[in-house]
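Shown next, in structure tokens, is the structure this report addresses.
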Amino acid sequence: MRAGAVWAVRGAAGLLTAVALGHTLWNGVHEPGTALAFGILITVGELARRDQWADRQGEDTGRRPAPLASAGALAYALLGQNAGQPTHHGVLQAVAVVVAATLAGIVPHVARGRGPALDHLSRRVLTVAFAAVCFQPLYNSGRLGEWGGQGPYLVVFLLCLLGLTALCDAVLAAALAGARTGWPYGPLLRDELRAQLGIGAAICATGVVMALGVAVAGLWAIPVFSVPLLLTQLSFHRITAIRTTYRQTITSLARATEIAGYTRPGHSRRVAALSCAVGRELGLSERELTVLEYAALMHDIGQLSLVDPVPAGATAELPAAEARRIAELGGEVARQTGVPAEVAVVVERQADPYREQPVAARIVRAVNAYEDLTGAAGGSRHPGGSLAALEQLRLGTGRDYQPEVVECLARVLARGGRDRVVPVPPG
């Protein structure tokens, strides 16, 4: 079912691309200067894209588009005039120019092994086609002018149309991500819609302004209205780099317990990866998942206070008082590192009864216990061990583990969660 949805989207985009390219090659390019100008803009926007293809767990979500290229593609799809003269490029030429320019822009990325997934191209084709189909026939037939004229009503119409286009893109992105990862569709769609409110709003606004600017001032409006979004894209690169460095720092700090011999190698990264998968299953937002990831990475940091390490670092079966002391010390250490306050709270409340814990702490506690139970004896991962560990967690749902979290963990493992979730890379 999920794979069918992916192939349906890709097939529709591929068929539309083939028809658009064939039609354009057969009939020639209308207003080649305009097509070239927007093609260069889209290509430059794709070239300006840097390593933005992976989320926190290394999954290719495609949620971070090239803003300049996306705005240019939408502006060309919504272009009705050039310096007061009507344009006649139509829907199929708009798709053909966008596809050709996008492919030209991603070639260097592909050559370096960092190109986007096919899903990104499919979304670009379908969203541009949606916007062009909704605008070009109405504008070229004169009906749009009869209904609202060329004044503020046209601007309102374009903004509403781009809002629908952004919604279409979010629906496609969530469907493709759900098919690829197996995560619930609802939370994925919610996160995509939230992302659209950020950089997506800037892309839509720039697309409208650019189309209207070219209609009045001609192609010279393209570089003028491109500069602000290009600067935003460069700033976004810097923010992404800072967040990556921050995550690597926390990952390196979490490895202190492994280096000191208190926990098994890779334990914190495995707990973080599986915790994020369970959090996805429960429908946590992106911010909540970030807090969950950081807390899972640092959940054992309090063990550094122990004189004698716990055998194999397995804290799941420690006495309640000792587990609480380690958790509280871990929370204090987390606060000293400057992580968000929510992370320290999750770390220090791992040993509390689950009804008194925040959701992230419930997840980390259950996943950590599962990891301890299945890995304490030499790190075995055989099916019998997993089933026995899950059964033991179910027996502890009266006080220690939330039943919903344990069942979500079981579903993630049943889908092959350890294979689907990419571990957090070491710092």
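The values are calculated or read from the model by the stated rules, or taken from the named source; none is laboratory data. This is a predicted model, so every value here is computed, not measured. Every residue, glycine as well, gets a Cβ built from its backbone with ideal geometry; the counts of neighbours run over all protein chains shown. What goes into the accessible areas is simple: the full protein's heavy atoms, side chains included, and nothing from ligands, DNA or RNA. Shrake-Rupley method; radii C 1.70, N 1.55, O 1.52, S 1.80 Å.
Miscellaneous remarks
- For the peptides 158-169, 389-400, residues were scored by their other Cβ atoms within 10 Å and the scores averaged per peptide; the highest-first order is 158-169, 389-400.
- At a probe radius of 1.4 angstrom, the accessible area of region 199-282 per residue rounds to 44 square angstrom.
- Cα centroid separation, region 1-41 to region 218-239 (Å): 25 Å
- Accessible surface of region 89-236, 1.4 Å probe, proportion on carbon and sulfur as whole %: 75 percent
- Heavy-atom accessible surface of ASP300, to the nearest 10 Å², is about 10 Å², with a 1.4 Å probe and all protein chains retained.
- Cα centroid of region 70-108 to Cα centroid of region 327-373, whole Å: 51 Å
- Hydrodynamic radius (Kirkwood) for region 253-306, which is based on Cα pairs only, to one decimal in Å: 11.4 Å
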